[in-house]
1. Six or more apart or on different chains, Cβ under 7 Å: which pairs go from a residue in the range 701-720 that's touching a residue at least 24 places away in the same chain (Cβ under 8 Å) and part of a loop (DSSP other than H, G, I, E, B) to one that's acidic (D, E) and open to solvent by 70 Å² or more (accessible area, probe 1.4 Å)? Could you list them?
2. How many residues does the range 475-493 contain that are surrounded by 22 or more Cβ atoms within 10 Å (Cβ to Cβ), under 15 Å from H508 (Cα atoms) and over 16 Å from the mean Cα position of the chain (by Cα)?
3. Here are M671, M639: which of them is more than 17 Å from Y715 (Cα to Cα), free of Cβ contacts under 8 Å to residues at least 60 places away in the same chain and open to solvent by less than 10 Å² (accessible area, probe 1.4 Å)?
4. Looking at K576, K571, which is the one that is over 13 Å from S622 (Cβ atoms) and either open to solvent by less than 10 Å² (accessible area, probe 1.4 Å) or touching a residue at least 24 places away in the same chain (Cβ under 8 Å) (or both)?
5. Name the residues in the range 371-411 that are assigned to a loop (DSSP other than H, G, I, E, B), under 14 Å from D360 (Cα atoms) and touching a Phe, Trp or Tyr at 6+ places or on another chain (Cβ under 7 Å), would you?
6. If the requirement is being modelled with pLDDT under 95 and open to solvent by less than 60 Å² (accessible area, probe 1.4 Å), which of these qualifies: S709, S624, S644?
7. Residue by residue through the range 316-348, note down the ones that are open to solvent by 80 Å² or more (accessible area, probe 1.4 Å) and either closer than 23 Å to I284 by Cβ or polar (S, T, N, Q) (or both).
8. With the condition being without any contact (Cβ under 8 Å) to a residue 60 or more places away in the chain and surrounded by fewer than 17 Cβ atoms within 10 Å (Cβ to Cβ), I'd like the strands (runs of 3 or more DSSP E) fully within the range 121-220 carrying at least 2 qualifying residues.
Amino acid sequence: GTIPPELAYASRLCVLDISNNRLTGSVPALLSTKTRFMYQIHLNRNQLKGPLPRNMRAWKKLWLMDVSQNGFSGTIPRQLAQMEDLAILSMGDNLFSGTLPLSLFEVTTLQMLDLGTNLLEGTVPYGIMNFERLYDLNLAENSFSGTFPSEVLALPELHSFIISHNMFQGTLSEEWVSDSKVGLIHASHNQLNGTIPRSLMVSMQSNLGSLDLSYNQLRGTMHTEIGLLTALHTIDVMGNQIEGTLPTEMLRMNPNLRLNFTDNMITGTIPPMFCGEGAPTNNILYREFGCDAVLCRPGTFNPHGHATLHSSCRVCDSILPEHKNLLGRVSCEGQHYVHGDLDGDGILSSREILRMIYIDNIGKWWGAAYQAWADINIHECELAGITCSGKRMTTIDLSNANLCSSSDRQPGPIKFCLGIPSEVGLLTDLDAFQATRRQYLRGTIPTEFGNLSKLRLLDLSSCPSMQGTIPSELGRLSSLRYLFLGHNPFKGTIPASLFLLTNLEKLHLTKNRLTGTMPTVLRATNLKELMISRNDVGGTLPTQIGRLGALENFEGYGNDFTGTLPTELGKCTSLKRIDVFNNKLTGTLPTEIASMERLQIFHVKENKLTGTIPSGIGDLPSLSWFDISENTIYGTVPMSFATSGSLKDLRIADNQIHDPLPQGLCENKSMNGGATQHSGCAGVACPLGTYENLGYANEQDVGCRKCESGQSTLYLGSTKCRTFSTYDILSMYYDVMGGSRAWPKEYRNTWQNESIPICEWYGIRCDDQGEIVSMNFPFSDDHYMFG
């Protein structure tokens, strides 16, 4: 919804927090002109748009204003200067544009200013030095340019300084206050040049914890004063032109320091203390790669400049003389890097791919049985969840691994859960891949699964955090027999290629978000189970369904199917279950159903079917459940149902079925859970004038309940009573007497036609007041019964 303008009339309103909703629209102008006691306003994390109100005269006492993470646009309002007490201003993650208004820097009370991730441009005025109380400053991810007044780092209360991803130029100031409180400086992805000043390291030695100057144009050497930054836990200067060696004074620093000096001109060695040496380490990266995990050694490269959990540093085939001593190279001339290559040979082995699956899905919390996956030296056939034939890996089963979870089996960090890597398509000997019921598994189904020509089973069912579509490339899996993708949020259409797989036996796509129609070309002649229920698939059921001669179970309920039940279903002589309830099917029940001798369950509840029940259906030898509830099927229940030896459930509620019910049904003690034992025929269908929620007496002590005075029912098996009009009563009589089939044309042209007054129906005579005084009904072709 939107923000109601009526909030403006809550004159004493001082705190408004409507964050974390799905509100749309703009901020009502009245809100900022009438709520003069407003102290805090939280509109963050919504879907609001448009400019902020220009008139904010009522918000002079505002202390906090948070409109972040919306779609607001326009310029930063000049009227912010009227807010005498404003301390927290958060406008990040919007679409604000233009330059910073000079009036903004008159708000000297600001303690936090967040304008990150907008479309702002221009320079930052020196007036920013007015913010003597400022604690947090975020201008990242805009288009600011010019020379940034780095003197802002001398503000007495400043702790966090973030200007990354802009176009700032110039050098870092040499003038710094002593004992600065700044704990975080992020200025990556700009155009800063010059050197990193010694004075910065001296003045910030006590508090600076994170320094990110990556992807600028900084040069020179790293000063020995870096060793003074004993509080530093992260330093990133990747992608600059810094040269020389790392100072030995760095040995004074935190041994757990995360440092990134890749893609510079660094030479020499890396202090071993930063490589997990000197003391046992639990970090798998350092255990495997040592100092390569910090900077690739000379003569090697990695796109990251250092070894990762996926890939080692690969030896360069050729090296230019000026590059032979460089640490942390991200490329080598004319040489391709293979993601996931751990041994540096340029080829992915099956063991390396398994390690990639482990890392990409937070393997350290999979469970104790799976920790051997991290050790590349353990053969794949010795790993939990892996089955081999000889030395050939044939099955990956991760259905017992806690994929993408945390230590307490909650969802793990999204950024570390990448899902199934595309490299799985290189495991060409694989014949089964299973990861069912993994609720935190993310990512999509890799199209590269289509390369696994030997794959017989793919089971990714019940993985509700996955996304994307079902790749049409799965239609290339000529050996595939079982495809289980049900209970997921997959979107898109059902790939037509799946129905061309002649070896496919089971296709389970239930409870996704699939749309479109069913493919019309069906050649999966071995398909036994087709389950596509609870999606949004529409269109008609294809007539080629009759070609699926092996089909035993067809479940398509809870979709938007229209049209009729194909008569070709009768050719599916192996069918045991047809379940298409809750669709929009029309037409009649095909008589061909009576030829399906293996049919056990026929469920077409909640459709728009009409016509009568074919008598031959009751003769089916295996039929146990027949449910046609909530349609407009009329007539009687055929006598053949009374002699069925297999029928246990007969549901005919809310149709136009009338007496008589076959007596044999009423005497079948197994019918509808034994309801006939205590209620007789009412256990099959409630009689006229009564009702029950299921349309039959399912409770022994209650039975079918009588309608209240003035109400009744027209047909057997009603679930509610109502007051009937003359039209309803005459229509019921017309149906019961078979009027649409047997009555003469002059009757059929007028009866049940709502556009023709009842008194003009053929055979009806009314008085001057419109009351019926007589009726002529056709009893047979040559005899009429007069009322």
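The values are calculated or read from the model by the stated rules, or taken from the named source; none is laboratory data. It should be emphasised that the depicted structure is a prediction, and the values quoted were computed from it without experimental measurement. Positions of Cβ are generated from backbone atoms using ideal geometry, with glycine treated the same way; all protein chains shown enter the neighbour counts. Side chains are part of the model used for accessible areas, which takes the heavy atoms of the whole protein and leaves out ligands, DNA and RNA. Shrake-Rupley method; radii C 1.70, N 1.55, O 1.52, S 1.80 Å.
1. If the second residue must be acidic (D, E) and open to solvent by 70 Å² or more (accessible area, probe 1.4 Å), the pairs left are L716/D659.
2. Adding up the residues that qualify gives 2.
3. Sole residue among the options that is more than 17 Å from Y715 (Cα to Cα), free of Cβ contacts under 8 Å to residues at least 60 places away in the same chain and open to solvent by less than 10 Å² (accessible area, probe 1.4 Å): M671.
4. K571
5. A401, N402, L403, C404, S406 - these are the residues of the range 371-411 that are assigned to a loop (DSSP other than H, G, I, E, B), under 14 Å from D360 (Cα atoms) and touching a Phe, Trp or Tyr at 6+ places or on another chain (Cβ under 7 Å).
6. Every option except S644 fails the conditions.
7. Selection gives N325, H339, D343, I347.
8. On the way: elements: 136-138, 143-147, 160-162, 167-171, 184-186, 191-194, 210-212.
Of the strands (runs of 3 or more DSSP E) lying wholly inside the range 121-220, those with at least 2 residues that are without any contact (Cβ under 8 Å) to a residue 60 or more places away in the chain and surrounded by fewer than 17 Cβ atoms within 10 Å (Cβ to Cβ) span 143-147, 167-171, 191-194.
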